[in-house]
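J.: Would you mind keeping the following structure in view while I ask a few things?
The values are calculated or read from the model by the stated rules, or taken from the named source; none is laboratory data. Just so it is clear, the structure is predicted and the values come from calculations on it, not from any experiment. Reconstructed Cβ throughout: ideal geometry from the backbone, glycine too, with neighbour counts over all protein chains shown. Calculation scope for accessible area: heavy atoms of the full protein, side chains included, ligands and nucleic acids excluded. Shrake-Rupley method; radii C 1.70, N 1.55, O 1.52, S 1.80 Å.
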Amino acid sequence: MELKNKFLYIVSSFVFLASCSLYSFKGSLPAHIDNIAILPIINNSKEYIVLDVLNDEIYDIFLSENVLKLVDMNDAKSTLEISVISVTDNPYTFSLQNESNFYEQVTEWKITIKAKVDWYDLVENKLIFSKEMISTGLYSNNNSNDISDDGLDNDEDGLIDGEDDDEFGPPRDSALKIASKKMSEDIISNITSTW
């Protein structure tokens, strides 16, 4: 009798573990959505380089996260449409130029990308979500030509300079890349939390 109970326990454990191992994120999406086509990004800002940077980052994130298979429009079951609304640089922190002069000088800038993101289900012909998203990156006007030694947490992840492997390159360009990467991660997060 005891052998029979052990056998049933082992079989039921195996069935339970096998069913759990089949679960993945893709299992939580509707069965008819297993791929996505990313449409050419529309740029309504005056920042022409944002198209290249954001495009590279969105493809890199989709490929590394492997959430949905990337396909061309002819084979797509869903599409992602991104429209950049604006790219702005605003003063973030100030300091006095010197003790005898009371003029403030901008020491840090915040670059902000604002975009509208639409995800369409082409099989059921419906909009899954439409959101305005904002992402940022910080940079400094110091004399350095590289943000890897500016003493700032450029992507606001709690790591500074040498501690952070994605803080390198010319200050403003790098801040734009950081903001684009954060935007891409937010898009993936919204797709994965939709269902």
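J.: Among the numbered conditions (1) on the phi < 0 side of the Ramachandran plot; (2) free of Cβ contacts under 8 Å to residues at least 40 places away in the same chain, tell me where Tyr92 comes up short.
T.: Tallying (1) on the phi < 0 side of the Ramachandran plot; (2) free of Cβ contacts under 8 Å to residues at least 40 places away in the same chain, Tyr92 fails exactly one: (2).
J.: Taking only region 116-129 into account, find how many residues are over 16 Å from the mean Cα position of the chain (by Cα), open to solvent by 20 Å² or more (accessible area, probe 1.4 Å) and at negative phi.
T.: 7
J.: For region 128-142, which positions are touching a helix residue (DSSP H, G or I) at 6+ places or on another chain (Cβ under 8 Å) and among the small types (Gly, Ala, Ser)?
T.: Those that are touching a helix residue (DSSP H, G or I) at 6+ places or on another chain (Cβ under 8 Å) and among the small types (Gly, Ala, Ser): Ser135, Gly137, Ser140.
J.: Now, a different point. So, Pro91, is that one under 25 Å from Lys182 (Cβ atoms) and either at pLDDT below 90 or in a helix (DSSP H, G or I) (or both) or not?
T.: In short, yes.
J.: Residue pairs, Cβ under 8 Å, 6 or more apart or interchain, first in region 37-56 and within 27 Å of Val123 (Cα to Cα), second charged (D, E, K, R) and surrounded by 16 or more Cβ atoms within 10 Å (Cβ to Cβ). List them.
T.: Leu39/Glu81; Ile42/Glu81
J.: What's the total number of residues in region 130-150 that are under 20 Å from Trp109 (Cα atoms), open to solvent by 60 Å² or more (accessible area, probe 1.4 Å) and at pLDDT 80 or above?
T.: Within region 130-150, residues that are under 20 Å from Trp109 (Cα atoms), open to solvent by 60 Å² or more (accessible area, probe 1.4 Å) and at pLDDT 80 or above number 1.
J.: Considering region 52-87 alone, what residues qualify as being of a type in the set (A, V, I, L, M, F, W, C) and within 11 Å of Ile113 (Cβ to Cβ)? Write out each step before concluding.
T.: Of region 52-87, the ones of a type in the set (A, V, I, L, M, F, W, C) are 53-54, 58, 61-63, 67-68, 70-71, 73, 76, 80, 82, 84-85, 87.
Listed by number, the residues that qualify are Val53, Leu54, Ile82, Val84, Ile85, Val87.
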